[in-house]
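Visitor: Can you read through this structure? Questions will come right after.
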Amino acid sequence: MGGMMFRPLIFSLVVCGLAWQESSHPPYVKKTDHDPDGIGVFYMGREIAQVMGHEAADWLDRPEREAEEAPSIMVKSLKLQPGMTIADIGAGSGYLSFMMAKPVGSTGKVYAEDIQPEMLEIVRKKATDTGVKNVIPWLGTTTDPKLPAASVDLMILVDVYHEFDKPYEMVSNMVKGLKKGGRLVFVEYRKEDPDVPIKLVHKMSVAQVRKEMTLFPLTYQQTIEILPRQHIIVFTRK
């Protein structure tokens, strides 16, 4: 009889434990004393940065971006293949979405995901003007990119993750959109390098990105250091 009572108790504890793990995450901590370029909310030891609005879309498409950041080298490092499905999270004006559209070809597609309809209208106009048919403007939210489950081969976030005001919720839902073995790639300005001319809260260290991704079913693969100012930090879905 004692054994029969013990087993349900253990089962109940395990179920409750799992539920607690799934519903909890590191807290978002508000502070009045903070960087003026941040939002005053801290997550896992870093302050979340202010979001770049659609008014700054021209900066994303600036002619000197290739010389400053070498995005063509970054795209080449991803080793994209025809037929792949890519999600460009926080795509903005679609600058990188259109660069990735060519290597995945007509059998592949690129979701240009953003939370600002104004940015997606820019993407839509570019697609119309250039005749590119495999870049899909995709409206997400601050907590969910709204991508089809297990549909994406590679999800990339270029200089955007540090601006998420709900990073835990957003990454949780991003992971759901990845295929098993799919890649999640962060491109972030190097916080370790004081010579990178970017505001501090808009930089991230490799250690911080890895720390935050330990909460999810992801395996760290590598950090590619071939860009003038940014890390390329690669994870795969378990």
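The values are calculated or read from the model by the stated rules, or taken from the named source; none is laboratory data. What you see is a predicted model; the values in this text were computed from it and never measured. Here Cβ is always computed from backbone atoms with ideal geometry, including for glycine, and neighbour counts include all displayed protein chains. These area figures cover heavy atoms from the full protein model, side chains too; ligands, DNA and RNA do not enter into them. Shrake-Rupley method; radii C 1.70, N 1.55, O 1.52, S 1.80 Å.
Visitor: What distance in nm separates the two pseudo spin-label positions at Thr142 and Lys76, each 7 Å out from Cα along the beta-carbon direction?
Guide: Distance between the two pseudo-spin positions: 3.9 nm.
Visitor: Between the range 93-137 and the range 164-222, what is the separation of their alpha carbon centroids in Å?
Guide: 23
Visitor: What value does the range 199-238 have for Rg/Rh, both radii from Cα atoms and Rh as Kirkwood defines it?
Guide: 1.00
Visitor: Relative to the first principal axis of the alpha-carbon coordinates of the chain, what is the inclination of helix 117-130, with its axis defined by its Cα atoms, in degrees from 0 to 90 and to the nearest 10?
Guide: 50
Visitor: Accessible area per residue for the chain in Å², computed with a 1.4 Å probe and the full protein assembly in place, what is it?
Guide: It amounts to 51 Å² per residue over the chain.
Visitor: Under the 0.36 nm per residue contour assumption, what length would be gained going from the current alpha-carbon distance of Lys102 and Tyr220 to full extension?
Guide: 39.7 nm
Visitor: Right, next: Out of Lys109, Lys199, Lys176, any idea which swings most in a Gaussian network model of the chain, alpha carbons joined below 10 Å?
Guide: Lys199
Visitor: In the structure shown, do any of Lys76/Lys146; Lys125/Lys146; Lys109/Lys179 have a Cα-Cα gap over 19 Å, and if so which?
Guide: The answer is Lys76/Lys146; Lys125/Lys146.
Visitor: By its C-alpha gyration tensor, with a ≥ b ≥ c as the square roots of the eigenvalues, how is the range 17-93 shaped: rounded for a/c under 1.5, else prolate for a/b larger than b/c, else oblate?
Guide: Note, shape of the range 17-93 comes out oblate.
Visitor: Looking at the square roots a ≥ b ≥ c of the eigenvalues of the Cα gyration tensor of the range 67-129, which shape do they give, rounded for a/c under 1.5, prolate if a/b is larger than b/c, or oblate?
Guide: oblate
Visitor: Roughly speaking, what is the stretch gain from Asp195 to Lys176, that is 0.36 nm per residue apart minus the C-alpha to C-alpha distance, in nm to one decimal?
Guide: Going from the current span to full extension adds 3.2 nm.
Visitor: Right, something else. Run the helix sum for the chain: -39,500 (n - 2.57) per DSSP H stretch of 4+ residues, divided by residue count, reported at 222 nm to the nearest 500 deg cm²/dmol.
Guide: Using -39500 (n - 2.57) per qualifying helix, the result is -10000 deg cm²/dmol.
Visitor: In the chain, what % of DSSP beta bridges are antiparallel (nearest 5)?
Guide: About 45 percent, rounded to the nearest 5.
Visitor: If you don't mind, another one. Show me 62-70, 85-93 ranked by packing, highest mean number of other Cβ atoms within 10 Å first.
Guide: 85-93, 62-70
Visitor: For Arg210 and Arg65, what does the FRET efficiency come to when R0 = 25 Å and r is the distance between their Cβ atoms, rounded to the nearest 0.05?
Guide: Once the sixth-power term is evaluated, E becomes 0.40.
Visitor: Report, to the nearest whole %, how much of the accessible area of the chain belongs to carbon and sulfur atoms, 1.4 Å probe, protein only.
Guide: Of the solvent-accessible surface of the chain, carbon and sulfur hold 59 percent.
Visitor: Note down the relative contact order for the range 174-238 as a percent, whole number, built from C-alpha pairs under 8 angstrom at least six residues apart.
Guide: Over the range 174-238, the number comes to 45 percent.
Visitor: Something else now. Over the C-alpha atoms of the range 89-201, what are the Rg and the largest Cα-to-Cα span, Dmax, in Å?
Guide: 14.5, 42
Visitor: While we're looking at this one, here's another question. Show me, for the range 184-198, the HN-Hα J-couplings you get by feeding each phi into the Karplus relation (A = 6.51, B = -1.76, C = 1.60, θ = phi - 60°), rounded to Hz, glycine and proline as x.
Guide: Here the 3J(HN,Hα) series is 10, 10, 10, 10, 9, 4, 6, 5, 5, 10, x, 7, 6, x, 10 Hz.
Visitor: If you line up the long axis of helix 2-23 against the longest principal axis of the chain, both from Cα atoms, how many degrees apart are they, to the nearest 10?
Guide: Once rounded, the angle reads 20 degrees.
Visitor: Would you mind classifying the chain by shape? Square roots of the alpha carbon gyration tensor eigenvalues, ordered a ≥ b ≥ c; an a/c under 1.5 is rounded, otherwise it is prolate if a/b is larger than b/c and oblate if not.
Guide: Prolate is the answer for the chain, as a/c is 1.5 or above and a/b outweighs b/c.
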